[in-house]
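First the structure, in the form of structure tokens, and then the observations on it.
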Amino acid sequence: MAHYEFQGSTVPIVRFTQIGSTNAEGMARLARSETFPVWLVADIQTAGRGRRGRPWTSELGNLFASLVLPNPAPVANLAQLCFVAGLALRDAVLAAAPQIRPDALKLKWPNDLLLDGGKVAGILVEGGTDPSGRPAAVIGFGVNCLHHPDDLPYRATSLEASGAPTAPDRLLEALDLAMAVRLNQWNAGAGFPAIRTDWMRYALGMGDQVSVKIGEREVVGRFENIDTRGAMMLRRKDGIAEIITAGDVSLGKSD
């Protein structure tokens with residue numbers, strides 16, 4: 001499996017003034033069987049998206065970047081990249097904006113970074129195989145550096161609004177270095193136990209009651225753990241442990 005060292009110019013950066021989606025561009029490159037990692041960075045996205053195809057507001061001044069990783073790990077381990085990326089992004093924000101308190105940054109299962117309780121960033125991992133059958137993944141980062149939306153069903157924030165103005169390029173530089181460290185720690189999945197332990201240290205709601213929306217169903221229980229695949233382990237009030245692989249999490253029971 002590939003072993004990525006991101007120091008200096010090892011991983012090139014391709015910049016776009018405007019693009020539909022950096023993740024979509026990354027997936028198109030993988031479909032062409034490109035074999036080298038690359039950062040795809042846009043000033044503005046016109047069709048940015050989050051999980052499940054949800055639109056992602058993409059204003060000038062925020063960071064929109066996707067890391068294309070050909071052959072990073074066996075296909076079965078690709079979902080773990082969400083946790084690798086979450087840790088790296090948290091590391092990068094603290095490095096690029098040292099005025100932020102470390103305890104103010106929490107990781108929300110499975111793919112959000114929260115700052116003082118407001119969503120400041122989201123991560124979208126897309127993976128599978130390329131036309132040659134090799135594993136491949138694209139990790140997309142959307143970070144609210146300057147702007148944040150106000151019309152969401154949850155609170156959002158930005159680094160600017162939190163008193164930590166940070167240029168997108170400064171954050172990308174820190175993220176590039178942080179991804180190198182965390183990918184090498186992960187080691188194609190062999191190091192996931194350590195990634196999992198680190199991620200849980202900063203997890204929002206670990207040990208607390210949470211509610212998870214799974215389609216039209218809501219599950220309420222104590223967030224006990226994440227398993228060796230990265231799924232949430234929830235202990236319901238009836239004592240049954242439920243394994244959740246996807247859903248929208250909020251603290252406590254929703255009304």
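The values are calculated or read from the model by the stated rules, or taken from the named source; none is laboratory data. Quick caveat, the model's predicted, so the values are computed rather than measured. Virtual Cβ from ideal backbone geometry, glycine too; neighbours counted across all protein chains shown. Surface areas here come from the heavy atoms of the whole protein model, side chains and all, with no ligands, DNA or RNA. Shrake-Rupley method; radii C 1.70, N 1.55, O 1.52, S 1.80 Å.
Laid out as a table, the results:
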| read-out | value |
| --- | --- |
| Of all residues making up the stretch 230-247, the number that are out of contact with any helix residue (DSSP H, G or I) (no Cβ under 9 Å at 6 or more places or on another chain) and either open to solvent by 70 Å² or more (accessible area, probe 1.4 Å) or part of a strand (DSSP E or B) (or both) | 12 |
| Per-region count, the stretch 153-211, residues closer than 18 Å to Val143 by Cα, surrounded by fewer than 16 Cβ atoms within 10 Å (Cβ to Cβ) and basic (Lys, Arg) | 1 |
| Subset of the stretch 202-219 [modelled with pLDDT under 95 and either outside any strand (DSSP E or B) or among the basic types (Lys, Arg) (or both)] | Leu204, Gly205, Met206, Gly207, Asp208, Lys213, Gly215, Glu216, Arg217 |
| Check on Leu177, under 24 Å from Gly230 (Cα atoms) and part of a strand (DSSP E or B) | no |
| Flag for Pro153 being closer than 20 Å to Pro110 by Cα and either at pLDDT below 90 or touching a Ser or Thr at 6+ places or on another chain (Cβ under 7 Å) (or both) | yes |
| Test: Phe141 is open to solvent by less than 40 Å² (accessible area, probe 1.4 Å), touching a helix residue (DSSP H, G or I) at 6+ places or on another chain (Cβ under 8 Å), within 26 Å of Gln99 (Cβ to Cβ) and hydrophobic (A, V, I, L, M, F, W, C) | yes |
| Candidate set: the stretch 32-59, residues that are among the hydroxyl-bearing types (Ser, Thr, Tyr) and at pLDDT 75 or above; chosen: the one most open to solvent (accessible area, probe 1.4 Å) | Thr46 |
